[in-house]
Amino acid sequence: MRPNAYITILLILVSFALYADPKDRQERMSSICGEDTRSPVEGYPVARVYDSKSGNAICTAWLAPNGYFVTAGHCTAGFYTFDELQFHVPPSSCDGYIKLPAAKDRFKVDLDSIRFNVDLENSEDWAIFRLRNDAALPELFRNGHFFRISNRTVSRSNPEEFLNVGFGVEMRSFDGCKSRYRTMLMGKGEGYSTDGYLIHFADTHMGNSGSPLFQKLNEILYAYGTHRGGGCPNVATKVLNPGFLEALSDAPGKGSLYVDARGPDSGESTGKINAPDRSLSRSLQRAKNGATINVAPGDYSEDTFSIPAKSLRIRAPFGGFSIKIAKEGIEKP
């Protein structure tokens, strides 16, 4: 969380840092912005990114509107690799060793689906991927619980508060134990948009890379960025970064369109992942031959409804949806 202190307080903090125990200094990352206010949470559509070969927790990933997951690009570049996502992560041992969730909450990644880019000159550090399709999906798919892509930018002159949920390192002890280490924790802090990044002051640590910076509006989650690192301010790849946005939007197929009864959180609908159409009929009109239309869960109402003479694929990443056609007065799931 962003500090709000006077110069005299800063002098005291500097003095403390000079005489702090070396281990304490090592455990405190520069991406903790003032007092560490992270706390345990559950129920968010984020997962711990894990490498089963080395037995290491690597990063964090969040679920996008098309059923793909998003993390930081450097989480799959160079030294880092991963092959598994973990949900319902249990507390770590008292001495801070991670524990694995039940087998039903561990899912293999489709390694061939991974697309990533680490190009810091162009403000890009992202990766997208999906789970293997030879097993059941996590329950958050069945519940239709995911992050929508915000179409808003936030000015530096008028910053807003953002939430962050991830599986970062937590070396502090609570009730004598380090059981929060690499478990799901929430931080929050102010942030604002730049050309390619979201700059923020939410508390993060190693392992938070790939975690979402988001806002909650009437229980709907809107992602603004994907955390990549920093030092207060911290840095997230903005979801409206053109390279990332195109890759995510086209992941199910080139020219994919999106339908969500809620529409975009700002601006006009374009059918893109950040500005979905409010009706399936509109996307059917927009769609080119061979396009994929991704429909968010919900109940849709159409005045009229007709399928054009095109080769199209309509998919529901999170289960069923229904369409009520006013003219005929029937529902077609």
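The values are calculated or read from the model by the stated rules, or taken from the named source; none is laboratory data. None of the values given here were measured: they were computed from a predicted structure. As a convention, Cβ positions derive from the backbone with ideal geometry for all residues, glycine included, and neighbour counts pool all protein chains shown.
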By residue number, the members of region 286-307 that are of a type outside the set (D, E, K, R) and loosely packed, with under 11 Cβ neighbours inside 10 Å are 289, 304, 306, 307
Okay, strands (runs of 3 or more DSSP E) sitting entirely in region 203-301 with 1 or more residues that are within 19 Å of residue 145 (Cβ to Cβ) and not assigned by TED's automatic domain parsing to the domain that holds residue 166, I get 257-259, 292-295
Pairing a residue in region 202-217 that is more than 13 Å from residue 41 (Cβ to Cβ) with any residue that is at pLDDT 95 or above and assigned to a loop (DSSP other than H, G, I, E, B), where Cβ atoms lie under 6 Å and the two sit 6 or more apart in sequence or on different chains, gives 207/167; 209/72; 210/72
Flagged pairs (Cβ under 9 angstrom, 6 or more apart or on separate chains; first in region 273-297, without any contact (Cβ under 8 Å) to a residue 40 or more places away in the chain and of a type in the set (Val, Ile, Thr); second assigned to a loop (DSSP other than H, G, I, E, B) and surrounded by fewer than 18 Cβ atoms within 10 Å (Cβ to Cβ)) are 293/312; 295/316
